[in-house]
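Okay, structure first, notes after.
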Amino acid sequence: MMKSVWLILILGLLTACTGNMGRGIPAPVESRGQVIRTPPSVPVQPPVVGRVIEPIVESPARPVEVMPPATQSTPEPIRPSNPTSPVSALMASVDTAVAAGQLEQAAALCERALRISPRDGYVWFRLASVRFQQQRYADADGFARRALSFAGSDRGLVQATDSLLAQIAVAQRSR
Amino acid sequence: MTNSNRKTSARKPSKQPRWWPKYLLRFMLLGTVAVALWCVWIDYEIRRDFSALQWALPARIYARPVELYVGAHQNAADFNDYLRRLGYIQTARVTEPGQFNPAGSRVVLQTRGFAFWDGTEPSIAVEVGFDGQRVSLLRAIQGGADVPLVRLEPVEIAQINPGTGEDRLPIGKDEIPEALVNAVIAVEDQRFYTHYGVDPIGIARAFVANIRAGEIVQGGSTLTQQLVKNLYLNREQTLRRKIEEALMALALEIHFSKEDILYAYLNEVFLGQDGSRAVHGFALAAQHYFGRPLQQLDLDELALLAGLPRGPSLYNPQRNPERATERRNVVLARMAAQGYITAEEFEEARGAALQVSARPTSRGGGYPVFMDMVRSDLARDYDADALRNEGLRIFTTLDVSMQAAVEATLDKSVAAVERPTKGEPAPLEAAVVITDATTGDVRALAGSRQSGYTGFNRALLADRPIGSLVKPAVYLAALESGNFNLASVLADDPISMKLDNGDLWEPKNYENTTSGDVYFHDAMERSLNLATVDLGMKVGVDRVAYMLSRLGHTDNIEPYPSILLGAVNMTPVEVAQIYQTLASGGFRSPLRAVEAVTTGEGQPLERYGMETDQVADPASVFLLEYAMQGVFERGTAKTAAPRLDNQLPLAGKTGTTNDSRDSWFAGYGDDLVGVVWLGHDDNRETGLTGATGALRVWTDIMLELDIQQRQSLPPADIEWQSVALRPVRVAEARNCLETRSLPFRAGSLPDPAVSCENNGSLMERVFDRFRGW
């Protein structure tokens, strides 16, 4: 009798191990004599990609930019800045171009930055906001949605992008 | 009077000869009038044509420039090749733009700067360090500070030429170096400033010099005559043409200044041949022979160029350096003799070593396949004349290193998979499309296995059935419907379907077997036809057709069930558009080959910015990609996995059409999307599947391009759950001893029949364990 109880207890412990060992870390399984690595090839969140979207760190805050039409403004998320990084250098040029009213050049600079760092949600956001200023709302919408797809858990970027999307929707409706 | 004359002539025939002086007089008078009219006409023509003189300038097509930054994907050898393509000169010490000094994994160079459509890139001297395939250091020579980003000049990949094939770089009057003017005048026409277009003294001097030498050593033509000849006359050596030339030269001198004439000459003169392109004018010659702007050339180099008009081929410094040096020294000696330079300057320049840019002697076939795409894109906004004559600058997305790598790999890679065929002379053909996975920029194209092939452009024009490449659209439509997930169970069983036209459709799996119940992801990974038809019919053929159009297919698709297995024709470029949308996580960005167009002076005319449109739900695309990565790990592309070990995970799909007429593979990593098609133009069998043909070629190319592994960001509503490894339809049959963890959307979790996630009580799991025994 004691032997059966022990057997059930041991079995119980064993089965608890087999099914699921916690989210994202499944136990290795065997099939057809061949070991299958079940941790999926698609990485589990958060991903580590070439250019990680870093959490917001202390950096000199940029003034919130006012975008035409003058009545609308979008909170600008602050991108962690490193003056020697190519993307930061390009983003600084974007600011200069926007300030000089050269919006197409600003868009082109964003595209250059995206070729260097295609998963940088900030750059996508910036491109979206430039297109919004140019009143190219369909493009702005697409770029903002791509910004969201790379925002991950960056609440500042998500909020800014949501707000921009809302403005785009309003602008599109009023057309 | 008339009557009397008649009578006279009738009566006195002996006096007949008296008429001719009178007729002669009339004839001479008429002749004089005709010559005068001719002169007036020439004068009019010269005034009209010369004042409206405009060079027909070819459109220049540029590739995407190399951008340097720490972390950039670039190795030292490719980078040095790039600089040589740009005509940079290798020196031990870099002192001027357009020079470089490679030393192992480091290169010091000074860029030339370039007027891009989006702004001017300044010239900068930098040191670049490489660590394998990456840039590891980028530092300014002056000051030694780190530089974040340097954009090099773009490679000119092609020109759309005027009918004449002439190319030139017109320059302003104030940009012409004085030493060049002096050199040209010293050697070609030393009395230029004093004659009136024709120089009798010069002719006499040349005549004497030629008699003495016993051969033609000097010409008597002035610069004005040479200009007139080049601009308005043909090459024939007749007296009439010589007179015409002299008259035109005189007319030109009467109406225009010496400066205007000299300026036109310096821009017009023919100075060499570069493949099918004729090099005209000193500014282009400076770029062509020395890889530098005219203003930056030294005296010895200017003298060399000034010596070229006499015999551009004979004195070509790239081909005949000794003769070119001799000729240069003759020019320098004339300059010294005429007091344009001092004896010291003469000695110094004469001692200078000849240093010409090591450009490839022939520009080869260029990039005909990519240029077809550029032309078709430009045709929307520009007519052929504007492209041929207005000197437009066209900035494209082509990556020359990538294109070179594809061309270097393709032919031997295709040869390695080709099946020997009896009595079939035409070899297996190929097409390749490589695009940027994020932006949709076309980075390399091949329309044939032979590089530089100018015939049928298969990348753009081979409209072929895509076979199983269509399946991602079927599975994506299913995932988006919300009724299916990766663990949905599909029936891979025989199907017989009566079509609208009364025909019976009985599709088969490739290996003519059936697998029974299979998981959704497994059916996709193994490309099971019957399970796909089962799924597609449940989703609806029209929804699949609609998905294809959302992903970027523009042709109308008739929603027949056979499209579920790829009975829909596409070109390789159209396939690349669809896979680009998948690689972008469901954002469609139209493929583009042209980025911007400017005038010759750099004024922006047209900009083709990146566009993007969300066409599929990101969570569904993420789930689909799990299965497309599974294609390499467990499915039809498994054979390529060992070679791609450092690159995996990657996503892709094989495609084979009926009787293996087409072998396809389309796949992507983080940076690139690649599509490979293999087949015969006459549509005969290749004996290859997608896996035995196109996949191998794709793998060869992607290893060469060092494709980056795929690391997709799961959308917020994705969670991972375990399901039984073997699919079942009832919970009683489920075996949770062998499980696989799969991603699911929160609202579409696995069916309880297969779920092994927190299922039931401890006792149930115990029973599972017993069932497993």
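Once a ≥ b ≥ c are taken as the square roots of the eigenvalues of the Cα gyration tensor of the range B:596-723, is the result rounded (a/c under 1.5), prolate (a/b larger than b/c) or oblate (a/b not larger than b/c)?
Since a/c reaches 1.5 but b/c is at least a/b, the shape of the range B:596-723 is classed as oblate.
As an exercise, identify the GluC sites (Glu not before Pro) in the range B:235-330 lying in DSSP coil whose Cβ has no more than 14 other Cβ atoms within 10 Å.
B:236
If you average the alpha carbon positions of the range B:231-266 and of the range B:81-106, how far apart do those two centres end up, in angstrom?
43 Å
Within 10 Å of each Cβ in A:144-150, how many Cβ atoms from other chains are there, averaged over the peptide?
Counting Cβ atoms of other protein chains within 10 Å of each residue's Cβ and averaging gives 5.
Hey, can you grab everything whose amide H is under 5 Å from the amide H of residue B:443? Only 5+ residues off in sequence or another chain; H modelled, so Pro and N-termini drop out.
Close amide H contacts, sequence-distant or interchain: B:434, B:435, B:436.
How long is the gain from residue B:511 to residue B:38 if the chain were fully straight, where each residue apart is worth 0.36 nm and the alpha carbon distance is subtracted?
Taking 0.36 nm per residue and subtracting the Cα distance, the gain is 161.8 nm.
Counting only C-alpha contacts under 8 Å and six or more residues apart, can you give the relative contact order of chain B as a whole percent?
Values: 1468 pairs, mean separation 84.5, N = 773.
Averaging sequence separation for qualifying contacts and normalising by length gives 11 percent for chain B.
Output wanted: per-residue J couplings in Hz (rounded whole) for the range B:320-336, from phi through Karplus 6.51 cos²θ - 1.76 cosθ + 1.60, θ = phi - 60°, x for Gly and Pro.
Karplus-based 3J(HN,Hα) across the range B:320-336 equals 10, x, 5, 4, 5, 5, 4, 4, 4, 5, 4, 4, 5, 5, 4, 4, 5 Hz.
Hey, could you grab the Kirkwood Rh for the protein assembly as shown? Inverse mean 1/r over distinct alpha carbon pairs, Å, one decimal.
Values: mean 1/r = 0.0304 Å⁻¹.
After inverting the mean inverse Cα-Cα distance, the result is 32.9 Å.
Using a basic spin-label model with each label point 7 Å from the Cα along Cα→Cβ, how many nm lie between residue B:232 and residue A:166?
7.4 nm
Could you order the peptides B:97-107, B:148-158, B:656-666 from most to least packed, using the average number of other C-beta atoms within 10 Å per residue? Let's see the in-between values first.
Working: B:97-107: 17.3, B:148-158: 20.5, B:656-666: 23.7.
Top to bottom by mean Cβ count within 10 Å: B:656-666, B:148-158, B:97-107.
Filter the chymotrypsin sites (Phe, Trp or Tyr not before Pro) in the range B:152-207 to those in DSSP coil with at most 11 other Cβ atoms within 10 Å of their Cβ, and list the result.
Here the sparse-neighbourhood loop sites are B:193.
Convert each backbone phi in the range B:184-192 into a coupling constant with the Karplus relation 6.51 cos²θ - 1.76 cosθ + 1.60 (shift: θ = phi - 60°), then list the ³J(HN,Hα) values in order as whole Hz, x for Gly and Pro.
Each residue's phi maps through the Karplus curve to give 5, 5, 4, 9, 9, 6, 5, 9, 3 Hz.
Give me the percent relative contact order of the range B:251-316, please, defined on Cα pairs under 8 angstrom at least 6 residues apart.
25 percent
A 26 angstrom limit on the alpha carbon distance is what I want to check against. Which of B:498/B:638; B:498/B:538; B:508/B:538; B:412/B:471 exceed it?
On the way: B:498/B:638 35 Å; B:498/B:538 16 Å; B:508/B:538 18 Å; B:412/B:471 30 Å.
Violating the 26 Å Cα-Cα cut-off are B:498/B:638; B:412/B:471.
For a quick check: with amide H placed at 1.01 Å from N, whose amide H comes under 5 Å from residue B:662's, ignoring anything fewer than 5 positions away on the same chain?
Close amide H contacts, sequence-distant or interchain: B:657.
Using the C-alpha gyration tensor of chain B, what are the square roots of 5 times its eigenvalues, in whole angstrom, with the largest one first?
72, 33, 20
So what is the relative contact order for the range B:89-132, in percent, with contacts set as C-alpha pairs under 8 Å and at least six apart?
30 percent.
Taking only the Cα atoms of the range B:308-359, how large is their convex hull per residue, in Å³?
79 Å³
Just in the range B:458-540: which trypsin sites (Lys or Arg not before Pro) are loop by DSSP and have at most 14 other Cβ atoms within 10 Å?
Answer in residue order: B:508.
How large is the Kirkwood hydrodynamic radius of the range B:58-214, counting all unique pairs of alpha carbons, in Å?
About 19.4 Å for the range B:58-214.
What distance in nm separates the simple spin-label points at residue B:257 and residue B:191, each placed 7 Å from Cα in the Cβ direction?
Here the answer is 2.4 nm between the modelled labels.
222 nm [θ] for chain B, helices only, -39500 (n - 2.57) per DSSP H run of 4+, per residue, to 500? Write down the numbers at each step before the final one.
On the way: 24 runs with 288 residues, N = 773.
After summing the helix terms and dividing by residue count, I get -11500 deg cm²/dmol.
In sequence order, what are the phi-derived ³J(HN,Hα) couplings for the range B:727-740 according to the Karplus relation 6.51 cos²θ - 1.76 cosθ + 1.60 with θ = phi - 60°, rounded to whole Hz, with x for glycine and proline?
Along the range B:727-740, the couplings run x, 9, 9, 10, 4, 5, 8, 5, 10, 8, 6, 10, 10, 9 Hz.
With each label point set 7 Å from Cα along the Cα-Cβ vector, what nm distance links residue B:732 and residue B:380?
6.2 nm
Computed from the coordinates by the stated procedures, all read-outs in this text should not be read as laboratory data. Predicted, not measured: the structure shown is a model, and the values here were computed from it. Virtual Cβ from ideal backbone geometry, glycine too; neighbours counted across all protein chains shown.
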